[in-house]
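Peer 1: Got a structure for you, questions after.
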Amino acid sequence: MVDEETLLAKARELGALDAIVVPASAVVVAHWVRLKCMYGCPDYGKWKTCPPYSPDPETTKKVLAEYEEVLLMKAPSHTDATKLAVDVMLWLYSQHLFKAFPMGSGRCYLCKECDPLNCKYPDRAYPSMEACGIDVSSTVKKAGWENGPLDDGSWPHFCMVLLW
């Protein structure tokens, strides 16, 4: 088992602007989030990490029920957030913690175009929080963070790793 201090330090070393461990019950799942993907997002159906290929909200709720804690992280961009979540998961694997599961931010960034049924990077293409029906803003607020602009005026992106 990795202690929380070591985990948070590793997340920051890998690029997190901030990181916090929260109970899995703090993650807010809502059906309306998935609807926003289906109606209004130009990436719907084009990426393995997005609906309809990502877990639906009911599946996400069931999976979250199998975890006690998650690592919530803040990153400067959606590509940084997704890479960060996967990198933390790979580090946890190296510590023999194989239950770790990452969720990124936004659509997949690994290819210019995606063939969802023949992914070139199945070891790095994980779903975004939003694609799984996670209300990121409510989850961030419930964790005690504010979802406001960074010092440079840009907005942070969030990711997480389901831990244990």
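Peer 1: Within the range 1-46, how many residues are among the charged types (D, E, K, R), within 20 Å of LYS74 (Cβ to Cβ) and touching a residue at least 40 places away in the same chain (Cβ under 8 Å)?
Peer 2: 2
Peer 1: Looking at LEU71, LEU84, which one is part of a helix (DSSP H, G or I), within 17 Å of PHE158 (Cβ to Cβ), at pLDDT 95 or above and aliphatic (A, V, I, L, M)?
Peer 2: Going through LEU71, LEU84 in turn, just one is part of a helix (DSSP H, G or I), within 17 Å of PHE158 (Cβ to Cβ), at pLDDT 95 or above and aliphatic (A, V, I, L, M): LEU84.
Peer 1: Between a residue in the range 69-87 that is within 22 Å of SER25 (Cα to Cα) and any residue that is in a helix (DSSP H, G or I) and of a type outside the set (A, V, I, L, M, F, W, C), which pairs come within a Cβ distance under 8 Å, given they are 6 or more apart or on different chains?
Peer 2: Here the result reads LEU72/THR139, each pair linking the range 69-87 to a residue that is in a helix (DSSP H, G or I) and of a type outside the set (A, V, I, L, M, F, W, C).
Peer 1: What number of residues in the range 86-137 are closer than 12 Å to TRP47 by Cα, surrounded by 13 or more Cβ atoms within 10 Å (Cβ to Cβ) and polar (S, T, N, Q)?
Peer 2: So the answer is 1.
Peer 1: Which of the residues spanning the range 138-164 are within 27 Å of SER25 (Cα to Cα), surrounded by fewer than 14 Cβ atoms within 10 Å (Cβ to Cβ) and not hydrophobic (A, V, I, L, M, F, W, C)?
Peer 2: GLY144, GLU146, GLY148, PRO149 - these are the residues of the range 138-164 that are within 27 Å of SER25 (Cα to Cα), surrounded by fewer than 14 Cβ atoms within 10 Å (Cβ to Cβ) and not hydrophobic (A, V, I, L, M, F, W, C).
Peer 1: Still on this structure, please answer the following. Which residue is surrounded by the most Cβ atoms within 10 Å (Cβ to Cβ), if the candidates are limited to the range 11-34 and must be out of contact with any Ser or Thr (no Cβ under 6 Å at 6 or more places or on another chain) and among the β-branched types (Val, Ile, Thr)?
Peer 2: Here the residue is VAL33.
Peer 1: Counting only residues that are not in a loop (DSSP other than H, G, I, E, B) and not acidic (Asp, Glu), which one in the range 43-59 is surrounded by the most Cβ atoms within 10 Å (Cβ to Cβ)?
Peer 2: PRO57
Peer 1: For the range 87-100, does any single residue satisfy the condition of being of a type in the set (Phe, Trp, Tyr), closer than 30 Å to MET1 by Cβ and assigned to a loop (DSSP other than H, G, I, E, B)?
Peer 2: Yes, some residue in the range 87-100 is of a type in the set (Phe, Trp, Tyr), closer than 30 Å to MET1 by Cβ and assigned to a loop (DSSP other than H, G, I, E, B).
Peer 1: Restricting attention to the range 44-63, report how many residues are closer than 20 Å to PRO122 by Cα, among the charged types (D, E, K, R) and under 17 Å from the mean Cα position of the chain (by Cα).
Peer 2: Within the range 44-63, residues that are closer than 20 Å to PRO122 by Cα, among the charged types (D, E, K, R) and under 17 Å from the mean Cα position of the chain (by Cα) number 2.
The values are calculated or read from the model by the stated rules, or taken from the named source; none is laboratory data. Remember, predicted model here, so these are calculated numbers, not experimental data. FYI the Cβ positions are ideal-geometry reconstructions off the backbone, even for glycines, and counts take in every protein chain you see.
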